[in-house]
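The structure appears right after this line, and notes come after that.
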Amino acid sequence: MTTPAGSGVGFGSVCWWGLSPALDLQAESPPVDPDSQADTAHKTPELDVLLLGSVDGRHLLRTLARAALWPRRRFNFYVLENNLEAVARHMLIFSLALEEPEKMGLRERSETFLEVWGNALLRPPVAAVVRAQAERLANLVPEPDRLAEQLPWLSLGALKFRERDALEAVFRFWSGGEKGPEAFPMSRLWDSRLRHYLGSRYDARRGVSDWDLRMKLHDRGAQVIHTQEFRRWRDTGVAFELRDPRAYHVPNRTLASGRLLSHRGERVAARGYWGDIATGPFVAFGIEADDQSLLRTSNGQPVKTAGEITQHNVTELFREVAAWGRQKAAQGDTDQEGDPYGSSPAASARESFTVHFLPLGSAQTLHHKRCHQGRFQLLYVACGMVHLLGPELGACVAPGGNLVVELARYLVDLRPEQLQAFSARVEELARAAGFARQIGASPSETFARFCKSGDSVPGGLDPTVGSQPLPGEVLTRPLEVMSPPRADQVPAMESLSLSSQPQGSSAQMPLQGSLATPTESPAGNLESVSTPDQVPHP
């Protein structure tokens, strides 16, 4: 069996890292009128942003790092994902990014971030950091008062109680509630997915990875990704090798997720790695740089690899966030009697933004709440969530607000004609939601940018929109067809904790344990990602 191009199998069913470079959301949003957008508590203009499927917080971190270049604002980031593991990863990543300098140095913090974010295998010291942070978060999630005191930038108030219970269970699993590597045998799971993805091409996997890199990613603008680092990631899942290669052997539990599979005629819950094995985590921070010397070429070859550029960009990102915090602490909060959080740069930065996590599957109902109607100045939609773009989301964007849609440029499984058809479909969905192309916006193959006119009132969805399949129709196939369970996978996941409602059935399967809700369709499904009801209260 050979997997054809355009199948979408390599994208997986859960997205763990962004497939587009990080954006400064202030640069993408319209100017905020200080007189009309003022937070009465802080006397500061507010910027409200709704993000669907941003998965790794890269846009939020870059926005905070660039905040010192813009007039002062208070940020309200509303994040909606289609699985709770992604919410947990957001929380862990921000906890690392905003760690106090005296507890973790800049270099250690950036290296830990990169390994947790993009590596399937971790070094033991990094795995210990993950366990400690996960234990801390697991204890804070069920206690809102302590959570608000220690993580004032985080708001879980919109999540349902059963979602918070499942979120706590995710952190318990990360912290080592189930001992031993067999609880999540990452190397075996990675190789199993790779064998299924490549089929008869598995023995020629080096040639396949070289072809995908040179003929696809390089042609689409990611020339800095080096052959050796891409080949290593395809073989082992280790994208950023910052130390001795032999040091990477502890499974990265933050990449675990669950879903229902058909096994011997029965539907069973399985915990495994269902993420990307085709593109890699190099695109988010590794193919663009403010320092153009990092992108230099010598004899037609880049002098820096994507891994080196990623490490530099992430380190500078954390440095800028800390510098912004120190600047705010030095200036003092002119609207209050002193800074209640002291002069800590991280604390000062945290007081300037809040990350609100929204319930799973709430994209079509947000406009029912008055507080969300016409509130957001910017709406960001990832390529795996485009099917949710419609009049309901359009009603949540303020007149004159902007829409940014991530395109599928760096999905190596999609052919050029499929990429073009996807871009055309995005335009149709945006127009039906009440948006029009931004006038004067520079052409981009990575993002599509739209603006909502002041008099546009989204009506019913055009029946011609949504009736035609998106490019890569094969991506809509059930997971059971795309990734049948192997006999060596299921026994290792017997303790998975989820309940899900099979499509077309009102009966629920009781499953032991507690983890996050599995997805019934791929997160990379560009047409219909199925997000079942959340985990029932145990």
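Yes or no, residue by residue, for (1) part of a loop (DSSP other than H, G, I, E, B); (2) open to solvent by 20 Å² or more (accessible area, probe 1.4 Å); (3) touching a helix residue (DSSP H, G or I) at 6+ places or on another chain (Cβ under 7 Å); (4) basic (Lys, Arg):
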position	(1), (2), (3), (4)
GLY401	no, no, no, no
VAL405	no, no, yes, no
ALA408	yes, no, yes, no
ASP413	yes, no, yes, no
GLU417	no, yes, no, no
ALA421	no, yes, no, no
VAL426	no, no, yes, no
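Taking the listed residues SER192, SER200, the one that is of a type in the set (Gly, Ala, Ser), more than 27 Å from SER110 (Cβ to Cβ) and in contact with a Lys or Arg (Cβ under 9 Å, 6 or more places away or on another chain) is SER192, with no other qualifying. For the range 225-242, the count of residues that are basic (Lys, Arg), out of contact with any strand residue (DSSP E or B) (no Cβ under 9 Å at 6 or more places or on another chain), surrounded by fewer than 23 Cβ atoms within 10 Å (Cβ to Cβ) and outside any helix (DSSP H, G or I) is zero.
Right, ALA204: of a type in the set (A, V, I, L, M) and farther than 24 Å from THR310 by Cα or not? Judged against the criteria, ALA204 is a match. Looking at GLU392 and the list (1) open to solvent by 20 Å² or more (accessible area, probe 1.4 Å); (2) in a loop (DSSP other than H, G, I, E, B), which single condition is not satisfied? Single failed check for GLU392: (2).
Elements of the type helices (runs of 4 or more DSSP H) sitting completely within the range 71-176 and holding at least 3 residues that are surrounded by 22 or more Cβ atoms within 10 Å (Cβ to Cβ): these cover 84-97, 106-118, 124-140, 161-174. Checking ARG201, ARG206, ARG214, ARG193 one by one, the residue that is surrounded by 19 or more Cβ atoms within 10 Å (Cβ to Cβ) and in a helix (DSSP H, G or I) is ARG193 and no other. Pull up the range 138-154, narrow it to residues that are in contact with a helix residue (DSSP H, G or I) (Cβ under 6 Å, 6 or more places away or on another chain) and touching a residue at least 40 places away in the same chain (Cβ under 8 Å), then point me to the one that is farthest from LEU360 (Cα to Cα). In this case the residue turns out to be PRO152. Taking the range 401-444 as the range and being among the β-branched types (Val, Ile, Thr) and within 21 Å of LEU19 (Cβ to Cβ) as the test, the residues that pass are VAL404, VAL405, VAL412, VAL426.
May I ask you to list the residues in the range 243-265 that are in a loop (DSSP other than H, G, I, E, B) and surrounded by 14 or more Cβ atoms within 10 Å (Cβ to Cβ)?
TYR248, HIS249, ASN252, ALA256, listed by residue number.
One residue stands out among those in the range 428-450 that are in contact (Cβ under 8 Å) with a residue 60 or more places away in the chain and in a strand (DSSP E or B): the one that is least open to solvent (accessible area, probe 1.4 Å), which is PHE447. Taking each residue of the range 155-166 that is free of Cβ contacts under 8 Å to residues at least 40 places away in the same chain and looking for partners that are open to solvent by less than 60 Å² (accessible area, probe 1.4 Å) and of a type in the set (Val, Ile, Thr) with beta-carbon atoms closer than 9 Å, six or more apart or interchain, yields ARG164/VAL141. Among the conditions (1) free of Cβ contacts under 8 Å to residues at least 40 places away in the same chain; (2) in contact with a helix residue (DSSP H, G or I) (Cβ under 6 Å, 6 or more places away or on another chain); (3) more than 26 Å from ASP165 (Cα to Cα), GLU100 misses just one, which is (1). Name the residue that is modelled with the lowest pLDDT, counting only residues in the range 39-59 that are open to solvent by less than 60 Å² (accessible area, probe 1.4 Å) and over 27 Å from PRO359 (Cβ atoms). Applying the filter and picking the extreme gives THR44.
Looking only at the range 306-322, which residues are open to solvent by less than 40 Å² (accessible area, probe 1.4 Å) and either out of contact with any Pro (no Cβ under 6 Å at 6 or more places or on another chain) or part of a loop (DSSP other than H, G, I, E, B) (or both)?
ALA306, GLY307, ILE309, THR310, ASN313, VAL314, THR315, LEU317, PHE318, VAL321
Here the range 209-234 is the region considered, the condition is being in contact with a helix residue (DSSP H, G or I) (Cβ under 7 Å, 6 or more places away or on another chain) and of a type in the set (Asp, Glu), and the residue that is nearest to PRO416 (Cα to Cα) is ASP210.
Listed conditions (1) of a type in the set (S, T, N, Q); (2) open to solvent by 20 Å² or more (accessible area, probe 1.4 Å); (3) modelled with pLDDT of 90 or more are all met by ASN299, apart from (3).
Tell me which residues, restricted to the range 279-305, are part of a helix (DSSP H, G or I) and closer than 25 Å to MET104 by Cα. Answer for the range 279-305, where residues must be part of a helix (DSSP H, G or I) and closer than 25 Å to MET104 by Cα: ALA284, PHE285, GLY286.
The values are calculated or read from the model by the stated rules, or taken from the named source; none is laboratory data. Everything numeric in this text was worked out from a predicted model, so none of it was measured. Glycine gets a Cβ as well: all are built from the backbone with ideal geometry, and neighbour counts include every protein chain shown. SASA here: full protein model, heavy atoms, side chains in, ligands and nucleic acids out. Shrake-Rupley method; radii C 1.70, N 1.55, O 1.52, S 1.80 Å.
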